[in-house]
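The values are calculated or read from the model by the stated rules, or taken from the named source; none is laboratory data. Please read these numbers as outputs of a predicted model, since none were measured by experiment. Neighbour counts are summed over all protein chains in view; Cβ atoms, including those assigned to glycine, are modelled from backbone coordinates with ideal geometry. These accessible areas exclude ligands, DNA and RNA; they are computed on the full protein's heavy atoms, side chains included. Shrake-Rupley method; radii C 1.70, N 1.55, O 1.52, S 1.80 Å.
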Amino acid sequence: MSSHSPWMDRVSLIGGPLLCAAILLAPTPDGLTVEGQAALAVMTLCMIWWLMTPVPLPVTSLAGLALLPALGALPTADALALFGNQAIFFVIGVFLVAAVMLRTGLSARLSLLFLRRLSKSEAQLCNAVLLLSWGSCLIVVSHAVAAMMLPIVLSIVTALDLPARSRTARRLLLSMAWGTVAGSNLTLLSSARASLSLELYGQFLTDSGRAAAPIGFLEYSLASAPISLITLLICGAALAVVFPPEGLDLKPAVARLDQQVAALGPMSRGEWGTVAVVAGMLVAMGIAGPSWLGIVALLASVATFALRIVSWEEAERYVNWGVVLMYGGAIAVGAALTRTGAISWLVDNIMPENVPALVILLAVAAMVTLLTEVVSNSAAITILLPVAMELGLRAGITPRAMAWVAPIAAGFAFALPTSTPAIALVFGSGVVTMRDTVAPGTVVALICLGVLVLSAWLLWPLLGLAVVI
Amino acid sequence: MSESNPTHVSPEQATVLLALATSRYSAGLVRRTIDEALLLAATGAAVRIEVLYVDEDAGVRRAGATLKDDGFLGADPQESILEALAESHRRLARDRIGQVQELAAPHGIPVVVEEAVGEFSPLLEARAASGRYDVILLTRVQRPFIARLLLGSEDDEIARLARGEGEAKVVITEPD
């Protein structure tokens, strides 16, 4: 469903193809191939449709995938082959694991037990919600964490009978939302955009004739998890300052949590099975090479069905399989820009000379953060990462570093309801308004941007992650 | 806060319309409503307060759609989220309407409540143009300055309708 008016939907539905046609039919500029021109035309259409969503995101990706061979950017076999990449299968696994955690109730059980232990004061309860939302992203994709936590947090708000503009109500909800946003940068399992980014990076290397080792599960987390942790601390501090405690009696909330914990009963066979499968998957991802991540995720998913933890019908109800189309098409479109030389031509024409590498790093991170406030994270990565890698290369930054910077920066979306599902959910409650998030969220995002750039520049090289060529 | 000059007071029956919504509420507005009702009562009129509460479910639907389209979660998680959000809206409505009733009761002012689901402006505009009200009170919704500059203020349109058709006094306050 588009979040824009019908008028804007019509304009973008027609405007996207018109602009695509205009670019395609224009005289081919010097230095740009006909195939590159076609790839740019397709990307323009996808950009407009991803931004304005006159059609669902997966449909835009399908359009892009179909138009790449139709307009001559890539041969059909090449375009369709890009669809079947490791990231897609990893994402399938990620979402199936999330579905199993939700369906069996294991994630809700762990959350209730955790919150019950940390409800001695308002500050402790709010921080517990923040920490729990963040930590759950270690193994469950952040959107699913938000979906799981929202009813729990709202039940606490109800139990405390908090009035509409209660500071504690807003802090609880924003702790959940910001916790999942910060947690989305923890590991490759925390968000699908990370694996999208790594796949685009791999395609960039292949298509530009560069050799480098792919990025593994632990290696990715080594760079992203510390930033995620610092983001968590910044969020916690900001929420404590903006929404100080109100001196509430938490007994009703504790009683409600007690009720919910009591209603859980003993752990079911399905929950034990989920523990075993998830533990096995995490160990395997840690020790397997990068090229095996998708296979491990798929095998874990198969295990959940084979062990009867969840049925296929249940899995279908927990996952929107449009995610496969969205990511498959997005990777094909992003890779086409590199493969046809379109990115190289674009950067030749837009990049000023002698720009310091640090400035490029900051500019890329800032652009991704800004774009992700208004468009889906995956669309932002697809649009900006190929350009960022080429830009970075010219300025002396490794494409490998950009493959981290872009998805991490896309996780700094704290301000607007259009930025990420978690924020949209708390806005949907009617308790949180723009006044609560725009200013504090912008400040938090700016601080996090600074942390990211400083970490990339100073810390990552110490961890063995090369940033500068 | 903005007001229009009061020009019409029924000597027998006076009605104050308090228009609230999910995104439009202010404790100060509720207190102002009681004050306006008491002012009318002081003229000898039999005053009553009508509360129009609009549950703006667009935010709930948008949240559900975002969870599906951006979050790629399926029907089951969406269903539980939509129910949780709808219950949050209902709780907000009960809480806010309750506050109006609580403040009006000591003064013996009857409160009639109408709850509706949908968009605030069209629902209020229809009532504003009816000419039934002596005073209409509402809060602004927060919109970016550019949007108000380019698209105009919906609240100013309501005030114009109320003044033009019904000669009501219109009070528009800032939200909490």
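General observations
- Test result for B:Arg140, modelled with pLDDT of 90 or more, among the charged types (D, E, K, R) and under 22 Å from A:Arg167 (Cα atoms): no
- The set of residues from the stretch A:1-20 being within 19 Å of A:Val59 (Cα to Cα), open to solvent by 30 Å² or more (accessible area, probe 1.4 Å), part of a helix (DSSP H, G or I) and not charged (D, E, K, R) comprises A:Pro6, A:Met8, A:Val11, A:Leu13, A:Ile14, A:Pro17, A:Leu18, A:Leu19.
- The helices (runs of 4 or more DSSP H) located wholly in the stretch A:312-431 that include 3 or more residues which are among the aliphatic types (A, V, I, L, M) and surrounded by 24 or more Cβ atoms within 10 Å (Cβ to Cβ) occupy A:322-339, A:357-372, A:377-395, A:399-409, A:421-428.
- Considering residues of the stretch B:74-119 that are at the interface with another protein chain (Cβ under 7 Å from one of its Cβ atoms) and among the polar types (S, T, N, Q) only, the residue nearest to A:Leu96 (Cα to Cα): B:Ser80
- Evaluating A:Leu370 against the criteria (1) more than 22 Å from A:Leu205 (Cα to Cα); (2) in contact (Cβ under 8 Å) with a residue 40 or more places away in the chain; (3) more than 14 Å from every other protein chain (Cβ to nearest Cβ) leaves one unmet condition, (2).
- All positions within the stretch A:264-294 that are among the aliphatic types (A, V, I, L, M), at pLDDT 90 or above and more than 21 Å from the chain's Cα centre (by Cα): A:Met267, A:Val275, A:Ala276, A:Val277, A:Ala279, A:Val283, A:Ala284
- Among all positions in the stretch B:53-62, there is at least one residue which is β-branched (Val, Ile, Thr), surrounded by 19 or more Cβ atoms within 10 Å (Cβ to Cβ) and facing chain A (nearest Cβ under 7 Å).
- You will find that of B:Gly71, B:Gly44, the residue that is within 8 Å of another protein chain (Cβ to nearest Cβ) and outside any helix (DSSP H, G or I) is B:Gly71 and no other.
- Of all residues in the stretch B:75-118, those being touching a residue at least 40 places away in the same chain (Cβ under 8 Å) and at positive phi number 1.
- Some residue of the stretch B:49-63 being more than 28 Å from A:Thr418 (Cα to Cα), out of contact with any helix residue (DSSP H, G or I) (no Cβ under 8 Å at 6 or more places or on another chain) and modelled with pLDDT of 95 or more: yes
- Checked against (1) part of a helix (DSSP H, G or I); (2) over 19 Å from the mean Cα position of the chain (by Cα); (3) more than 10 Å from chain B (Cβ to nearest Cβ); (4) of a type in the set (A, V, I, L, M, F, W, C), A:Leu465 meets all criteria but (1).
- When residues of the stretch B:71-101 are limited to those that are farther than 22 Å from B:Ser23 by Cβ and either in contact with a Ser or Thr (Cβ under 9 Å, 6 or more places away or on another chain) or acidic (Asp, Glu) (or both), the one most open to solvent (accessible area, probe 1.4 Å): B:Glu79
- Residue in the stretch A:105-122 that is over 19 Å from A:Val254 (Cβ atoms) and touching a residue at least 60 places away in the same chain (Cβ under 8 Å) present: yes
- The combined condition, being modelled with pLDDT of 95 or more, open to solvent by less than 20 Å² (accessible area, probe 1.4 Å) and of a type outside the set (D, E, K, R), is fulfilled by A:Ala41.
- When restricted to residues that are farther than 19 Å from A:Val100 by Cβ, open to solvent by less than 60 Å² (accessible area, probe 1.4 Å) and either assigned to a helix (DSSP H, G or I) or aromatic (Phe, Trp, Tyr) (or both), the stretch A:256-295 contains 5.
- Checking each residue in the stretch A:296-306 for being within 21 Å of the chain's Cα centre (by Cα) and open to solvent by less than 40 Å² (accessible area, probe 1.4 Å) picks out A:Val296, A:Ala297, A:Ser301.
- Unique match (being over 30 Å from A:Val324 (Cβ atoms) and open to solvent by 30 Å² or more (accessible area, probe 1.4 Å)) among B:Glu50, B:Glu12: B:Glu12
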